[in-house]
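The values are calculated or read from the model by the stated rules, or taken from the named source; none is laboratory data. Because the structure is a prediction, the values reported are computed rather than measured. Methodologically, a virtual Cβ is constructed for each residue, glycine included, from the backbone with ideal geometry; neighbour enumeration extends over all protein chains shown. Surface areas here come from the heavy atoms of the whole protein model, side chains and all, with no ligands, DNA or RNA. Shrake-Rupley method; radii C 1.70, N 1.55, O 1.52, S 1.80 Å.
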Amino acid sequence: MWKVAMSEEVGKALQSVVERVNQAAARRPKTIPAVPPRLVAVSKTKPPEMVVEAYRQGQRNFGENYVNELLDKSSDPLIVESCPEIKWHFIGHLQKNNVNKLLGVPNLFLVETVDSAKLADRVNSSWQRMRGASTQRLKVMVQINTSGEHSKHGLPPEETVNTVKHIVSECSALHFKGLMTIGRYGYDLTLGPNPDFQMLLSRRQEVCDSLKLPPEDVELSMGMSTDFEHAIEVGATNVRVGSIIFGNREYPNSAPNTPNPSPAPSPEKTSKQVSEAAAKKMTHLTVS
């Protein structure tokens, strides 16, 4: 049941995260493109009231992992009435048979998880049909499996450049915005910079060199609740933060259109596994 206390908690938590985002951005070396980082509030399994409260506090970008849940929330009367300028990010694995559903989401701002040329082709053709006479292109990111784990989705890193070239040259209805990774959960930052973030940075450089693009035109979506500050310090332009804004996630067995959580541990649940030493050092690690 929604309570006033919960409303206040969301507001305070969001304000705290926004402050930490801004502080991390201020610590970035001058060699990193000066792109203000975008905070995506990950609201999966959370009620519409929480989304509305975060919106009232100034938050505009929200992320969802499941197509059906995003469809339900984006058409919820409370959100439709209260959040006219909301921007939805899809950040979960996208299957080809769900593309048309996803593209029907009102205020769909960015699809962050295109992980193959074939999926890009499907999204491109579907968007061409659905947009009709409009010339608006759909913003997409290419997801890279930087950790090489079988439990993670995303392109093998070596296929990054060719896939981006395909989108830019063959998918006229899509607007390539950048690269996205999830990375390995629970990395200990006392060991040094996160190698998954470094991998994404190097792939961005390859894309920029190959396609003659300035780095500021290729965004990097990396970093979640446990490591978003470090991600921003090394160059993230888009961070996906959930549990430290909305609280731990719940997966009720009876929830409609909400699939069971993946066997892989949620990145939002690993915060307790990050040592205090890592948390303290996270705010000071920078890479020039």
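Leaving ligands and nucleic acids out of the surface, order TRP127, TRP88 by accessible area at 1.4 Å, largest first.
Working: TRP127 35, TRP88 0 Å².
Result, largest first: TRP127, TRP88.
Quick one: ranking ASP209, ASP76 by accessible area, 1.4 Å probe, largest first, what do you get?
I get ASP209, ASP76, largest accessible area first.
Once ligands and nucleic acids are excluded and a 1.4 Å probe is used, how much of THR135 is accessible, expressed in Å² to the nearest 10?
120 Å²
Once the dipole of segment 133-236 is set up with Lys and Arg at +1 and Asp and Glu at -1 on Cβ about the Cα centre, which of GLN136, PRO193, SER147 lies farthest towards its positive end?
GLN136
Give me the accessible area of HIS166, 1.4 Å probe, in Å² rounded to the nearest 10.
50 Å²
Skipping prolines and chain starts, which residues have an amide H placed within reach, meaning under 5 Å, of the one on GLY63, given they are 5 or more residues away or on another chain?
ALA41, VAL42, SER43, HIS89
Mind checking the full-extension length gain between LYS30 and ASP72? Use 0.36 nm per residue of separation minus the Cα-Cα distance, one decimal, nm. Numbers along the way, then the final one.
Values: separation 42, 0.36 × 42 = 15.12 nm, distance 4.21 nm.
Separation in residues times 0.36 nm, less the Cα-Cα distance, equals 10.9 nm.
Each residue of segment 132-146 in order: what ³J(HN,Hα) in whole Hz does its phi give by Karplus 6.51 cos²θ - 1.76 cosθ + 1.60, θ = phi - 60°, with x for Gly and Pro?
Couplings: x, 7, 5, 9, 5, 8, 8, 6, 9, 10, 9, 8, 10, 8, 6 Hz.
Each residue of segment 51-59 in order: what ³J(HN,Hα) in whole Hz does its phi give by Karplus 6.51 cos²θ - 1.76 cosθ + 1.60, θ = phi - 60°, with x for Gly and Pro?
With coefficients 6.51, -1.76 and 1.60, one gets 4, 4, 5, 5, 4, 5, 8, x, 6 Hz.
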